[in-house]
Each structure stands twice: as structure tokens, then as C-alpha cells.
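First the structure, in the form of C-alpha cells, and then the observations on it.
The values are calculated or read from the model by the stated rules, or taken from the named source; none is laboratory data. Source: prediction; values computed, not measured. Cβ: placed from backbone, ideal geometry, glycine included. Neighbour counts: every protein chain shown. Ligands, DNA and RNA are excluded from the accessible area calculation, which covers all protein heavy atoms including side chains. Shrake-Rupley method; radii C 1.70, N 1.55, O 1.52, S 1.80 Å.
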Amino acid sequence: MHALKKNRPLRRVTLAAATTVTGVVLLLSLKPHTPPVPVRASSSASQPSSTPSAGSSGESSGSSGGTKTAETRTVTGDTVQTRWGPVKVRITMRNGTITDVTAVTHPSDNPRDQEINSYALPQLRREALAAQNAQIDSVSGATYTSDGYKQSLQSALDSAGL
């Protein structure tokens, strides 16, 4: 005969109570998914600024080659508030081509954030430079940061008129 079929109601009650408590604890530990929300920065932070190529801040790749016909623009996207912290991206463009993407602000409050972003941000940068738009893949393990990065990147591209 099975142990629970015996005439021991206290054992069944204890097992049922433990199962119920475990289920409630697991249910309460679930956290809802909240998409990142863009936060409007001050108007001066998101406005594009134009500088000649010789006066660039060193963020653009390549050399100036001595001519000043190419114009380098730096545009900062909106700050996007994610679950783990704000994300803000700055792009540098030359002749309508993205030459550099920098994460100005990103979650870095604890060692885990720093570990995740040490591999996620360079990968997001490479993909943005290759795609030349914000249609890039999210990095596994850094979904919230990836979503915020893409939204801020799109904001910067929109401000630049691309």
C-alpha cells in the first residue's frame, strides 16, 4: 500500500501545505518583463553637433588625410532607462557613414553588470558599425542592455537624419 493512502491525514496536510507554500514563493519570485523606456535628455544633449574632421574628438576611425572636405558629426541618442540602469549611445559619422559607436552611459553599478557589459558592448558596437543602422541582434545574457542600446542608437540616428 502507498504511504499516502494510509490513514495518516497529518502527513497529507503537511505535504499539501509545503507544496502550496513552495508554489506561492515561486510565483511571487517571478518578475514581470518591462520594456526599456526612452528618457528624453535635455535638448542640447541630443542635438547633433558638427565639427570639421581635423577637430574631431579622436573617436572617429581613420586619419584625416589632410583635406577638410569630409565632415565629422557626433550625435548623442536619448537616455533609455532599462531594468538594470540607463543606456545612452553616441555615434560619430563621416559623410553619412557611421564610423564609431560609443556607449556613453550603461549599467555598471555592480561586478555582474560590468562583466556582462565587458562582452556585450563591444559586440553591439561591431554589429552597429557593420549594419549601419539600429537593426542589430541582441546579445544573449544582456537583453535589457541590448534593447536600450538599440533604442538609444535609433534615437541618435533619427537626430542625425539617417
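Being among the acidic types (D, E) and at pLDDT 85 or above is the filter; apply it to segment 51-105 and report the residue that is nearest to P122 (Cα to Cα).
D100
Looking only at segment 25-37, decide whether some residue is modelled with pLDDT under 85, open to solvent by less than 90 Å² (accessible area, probe 1.4 Å), touching a strand residue (DSSP E or B) at 6+ places or on another chain (Cβ under 8 Å) and closer than 30 Å to D147 by Cβ.
yes
Of all residues in segment 109-140, count the ones that are small (G, A, S) and surrounded by 14 or more Cβ atoms within 10 Å (Cβ to Cβ).
Final tally of qualifying residues: 4.
Within the bounds of segment 94-104, is there any residue that is open to solvent by 30 Å² or more (accessible area, probe 1.4 Å), among the charged types (D, E, K, R) and in a helix (DSSP H, G or I)?
So far as segment 94-104 goes, no, none of its residues is open to solvent by 30 Å² or more (accessible area, probe 1.4 Å), among the charged types (D, E, K, R) and in a helix (DSSP H, G or I).
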